[in-house]
Amino acid sequence: MYDVILAPFVEFGFMRRALVGCLALLLGATPIGVFLTLRRMSLTGDAMAHAILPGAALGYLVAGLSLGAMTFGGVIAGVAVAILSGLVARTTVAREDSSLAAFYLISLAVGVVIVSTRGSNVDLLHILFGTVLALNDAALFLIAGIATITLFGLAVIYRPLMMECFDPGFLRSVSPLSPVAHYGFLVLVVLNLVGGFHALGTLMAVGIMILPAAAARFWTRDITPLLAIGVLGAFLSGFVGLLLSYYASLPSGPAIILTAGAFYLFSLSFGPDGVIMTRLRPHRHLEA
Amino acid sequence: MSVPMDGMILHFENLTLGYDRHPAVHHLDYAIRTGALVAVVGPNGAGKSTLLKGIVGGLVPLGGEIRLTGIKVSEIAYLPQKADIDRSFPISVFDMVAMGLWRKTGALRGFGREGERKVAEALAIVGLGGFERRPIGTLSGGQMQRALFARLLLQDARLILLDEPFTAIDSATVRDLKGLIRRWHGERRTVVAVLHDLDQVRTDFPETLLLAREQIAAGSTENVLTPANLDQARRLTEAFDEEAALCGR
């Protein structure tokens, strides 16, 4: 048992780094994912992940494979797309989803053009699929720093954010904090996507946010356990996913996401609010 | 709070509110006394909901002004006709009702024992005692409305705006919630409610504002809800005119 589960991490430094990076990332990214699903913005996360690409690619053009430059570029591009689409939605007839789609598609096309004209295919693969098995100290600190900012940020905007999700009209009637909650949350989304793309790549970063969060919804009807179950499920996915990639020689990012996907399918089937348990619930009703 | 006992809390001065330059409330002049219990009635499209939306700042006047005396916009308690509440959101009745304590807790402060006691008390008053832990998704329409009133109660506001609070609500709930409105009136809170059931207005609301975009009549309910006034209101609510000329007033 020990040999199978712990030995890879004890024996190899890169596996330990990958595990630490994953756990740190998931600690912040999963609560963000929970709020994305509750705000019905699951696909927004996907769009934002693509929106980050040109910023990261520009950073790469200017400074090579530099962590700082790519992070900075990614955050700027992501926040710009979030704010622009938010502004368009609030000041014109366009809805937020259509304006976001417009801006992220433009952003994505710009990113692919930049990468394909100047970078090599290896670089494109790095950006798309990340390098969780090659996280250096700087990348680990960056991911841990993002997780720290995320948890503090969420603690501060937790109540207004919850009200903004549940009853935005009420929040606006009692407090001017509604835009703070909305845009503050979007900034946290972008930060976590950027952290995620160093480890898992742009395509996979959203998966680890959304899948455990969506899975947790089948286990509970209250937000506090929802956050806890989401994070636990995500930790488990990261741990098992890394082992899977180690033993089966799979690329690590997709292995982690696939494990999270398995957790989702398991929850969908066997969770108390999942497909099977709701069918099996006794037909006899209660007295009151 | 330096509000004279019989001062006005709310002034509409030559107020025009609307959408896309088309007026929904047109040149309204009226004032509401502190502690008044006012029904706003009128045909569909008469601008009743628009008026409430304007009071809470959700709509910038096309002309004229709304003046609040001794109260800030954020201190008004407002129950919209169709709140865009996500009823599948995973929180309990307690969490929802406790949002009414926002002015005391803000974003960061805890509820404390005092807060928990107040929430329980408010739930008991609206007839939902013991519902604290229930997920809001399991509430019926009437229970949800009771819970929303409990939240209003906790807001402890001196000006309360209700937009069609009794639409599609069972009669027992209506009776209880009307009791709550009378209680607020007794506490000298100002209550302005948009209603369409004129019998309800006659029995429970001493003062009425009859709107048909323009003010048709206002004052004591029995003088306002006359057949002649109601008939005039019905005729005055013109259809939306795409080619309407500029208003000369």
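Descriptive notes on the structure:
- B:P90 vs. criteria in contact with a helix residue (DSSP H, G or I) (Cβ under 8 Å, 6 or more places away or on another chain), crowded, with 19+ Cβ neighbours inside 10 Å and within 13 Å of B:L161 (Cβ to Cβ): no
- A:L226 passes every criterion in (1) modelled with pLDDT under 90; (2) under 22 Å from A:S42 (Cβ atoms); (3) within 14 Å of another protein chain (Cβ to nearest Cβ) apart from (1).
- If you go through the range A:232-241 and keep only what is surrounded by fewer than 22 Cβ atoms within 10 Å (Cβ to Cβ) and either within 14 Å of another protein chain (Cβ to nearest Cβ) or within 16 Å of the chain's Cα centre (by Cα) (or both), you end up with A:L232, A:F235, A:L236.
- Count of the range B:33-57 residues which are surrounded by 17 or more Cβ atoms within 10 Å (Cβ to Cβ) and either in contact with a Cys (Cβ under 6 Å, 6 or more places away or on another chain) or within 14 Å of chain A (Cβ to nearest Cβ) (or both): 6
- Options A:A155, A:A134, A:A147; residue that is within 25 Å of B:S88 (Cα to Cα), more than 8 Å from chain B (Cβ to nearest Cβ) and either surrounded by fewer than 22 Cβ atoms within 10 Å (Cβ to Cβ) or modelled with pLDDT of 90 or more (or both): A:A155
- Among the residues making up the range A:10-24, those that are in contact with a helix residue (DSSP H, G or I) (Cβ under 7 Å, 6 or more places away or on another chain) and open to solvent by 10 Å² or more (accessible area, probe 1.4 Å) are A:F14, A:R16, A:R17, A:L19, A:V20, A:L23, A:A24.
- Those residues of the range B:103-119 which are away from chain A (no Cβ under 14 Å) and either touching a Pro at 6+ places or on another chain (Cβ under 8 Å) or surrounded by 16 or more Cβ atoms within 10 Å (Cβ to Cβ) (or both), in sequence order: B:K118, B:V119
- Yes/no for B:T167 being in contact (Cβ under 8 Å) with a residue 24 or more places away in the chain, β-branched (V, I, T), open to solvent by 40 Å² or more (accessible area, probe 1.4 Å) and more than 14 Å from every other protein chain (Cβ to nearest Cβ): yes
- Failed criterion for B:R133 (all others in (1) more than 10 Å from every other protein chain (Cβ to nearest Cβ); (2) touching a Phe, Trp or Tyr at 6+ places or on another chain (Cβ under 8 Å); (3) under 20 Å from A:D222 (Cα atoms) hold): (1)
- Condition broken by B:G100, with the remaining ones in (1) touching a His at 6+ places or on another chain (Cβ under 7 Å); (2) at the interface with chain A (Cβ under 10 Å from one of its Cβ atoms) satisfied: (1)
- Checking B:R188 against (1) in contact (Cβ under 8 Å) with a residue 40 or more places away in the chain; (2) surrounded by 14 or more Cβ atoms within 10 Å (Cβ to Cβ), the condition it does not meet: (2)
- Residues of the range A:79-116 classified as open to solvent by 30 Å² or more (accessible area, probe 1.4 Å), at pLDDT below 80 and touching a Leu at 6+ places or on another chain (Cβ under 9 Å), total: 1
- Unmet requirement for B:G130, which otherwise passes all of (1) open to solvent by less than 30 Å² (accessible area, probe 1.4 Å); (2) in a loop (DSSP other than H, G, I, E, B): (1)
- Counting the residues of the range A:202-217 that are of a type outside the set (A, V, I, L, M) and open to solvent by 40 Å² or more (accessible area, probe 1.4 Å) gives 1.
- Across the range B:58-88, the qualifying residues are those that are touching a residue at least 60 places away in the same chain (Cβ under 8 Å) and hydroxyl-bearing (S, T, Y), and the one among them that is farthest from the other protein chains (Cβ to nearest Cβ) is B:T69.
- Condition check for A:F72: open to solvent by 40 Å² or more (accessible area, probe 1.4 Å), modelled with pLDDT of 85 or more and within 27 Å of A:I149 (Cβ to Cβ): yes
- Flag if A:L140 is touching a Pro at 6+ places or on another chain (Cβ under 9 Å), surrounded by fewer than 21 Cβ atoms within 10 Å (Cβ to Cβ) and touching a residue at least 24 places away in the same chain (Cβ under 8 Å): no
The values are calculated or read from the model by the stated rules, or taken from the named source; none is laboratory data. The structure presented is a predicted model; accordingly, all values stated were derived computationally and were not measured. Ideal geometry is used to build each Cβ from the backbone, glycine not excepted, and the neighbour counts take in all protein chains shown. These accessible areas exclude ligands, DNA and RNA; they are computed on the full protein's heavy atoms, side chains included. Shrake-Rupley method; radii C 1.70, N 1.55, O 1.52, S 1.80 Å.
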